[in-house]
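Since the structure comes first, as structure tokens, the remarks are kept for the end.
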Ligand code: SF4
């Protein structure tokens, strides 16, 4: 796949932003806000991994470009990085490349969409409300730091930023992540 200069520049800026401690702290603050709201509502999580099996449960997980870059950087740093083959397998299986044996092995880098999602029926209203809140806050970060705002389906965003990261040598894309 060929990337336009504009798209490449946009992705490079997202990677720079994801590595910027100030921006990283702002994203982490959003995650903490979401976590606090979730703690207060106390929805039930049976750790079934359902929320990560997109096709089976008809879930479309969306994330921003910065979130995709951030997750790739953090998981690579903790030895849980993914490569194109992992992504291909996940797409084929209708799941996420970091969902191993029903567990998320990218907890530190997972996007806000993963943090707000609960299959507990009691959280039906809370989930979209929190997701909107997180997206609004993420958009504000883009405005504040003059970044191009874009979001899309999780694995599509990952693929797009991985192609640029690979071409630019930002990430050394590895083999399969381990659950150990
Ligand atoms: S990042 Fe983690 S929580 Fe989010 S979909 Fe992937 S495995 Fe599931």
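The values are calculated or read from the model by the stated rules, or taken from the named source; none is laboratory data. This structure is a prediction, so every number in the text was calculated from the model and none was measured. Glycine gets a Cβ as well: all are built from the backbone with ideal geometry, and neighbour counts include every protein chain shown.
Brief remarks on what is shown
- Options 106, 134; residue that is within 9 Å of the ligand (Cβ to nearest atom) and either surrounded by 15 or more Cβ atoms within 10 Å (Cβ to Cβ) or over 18 Å from residue 22 (Cα atoms) (or both): 106
- Where a residue in region 97-116 is touching a residue at least 12 places away in the same chain (Cβ under 8 Å) and closer than 21 Å to residue 32 by Cα and its partner, wherever it lies, is part of a helix (DSSP H, G or I) and near the ligand (Cβ under 7 Å from one of its atoms), with Cβ under 6 Å and at least six apart: 106/71; 109/71
- Qualifying residue in region 80-96 (condition: surrounded by 17 or more Cβ atoms within 10 Å (Cβ to Cβ) and out of contact with any helix residue (DSSP H, G or I) (no Cβ under 9 Å at 6 or more places or on another chain)): yes
- Residue in region 137-151 that is surrounded by 20 or more Cβ atoms within 10 Å (Cβ to Cβ) and farther than 22 Å from residue 11 by Cα present: no
- Residue count for region 85-101, restricted to those that are part of a loop (DSSP other than H, G, I, E, B) and either more than 18 Å from residue 173 (Cβ to Cβ) or away from the ligand (no atom under 11 Å from the Cβ) (or both): 3
- Test result for residue 114, part of a helix (DSSP H, G or I), at pLDDT below 95, near the ligand (Cβ under 10 Å from one of its atoms) and closer than 19 Å to residue 18 by Cβ: yes
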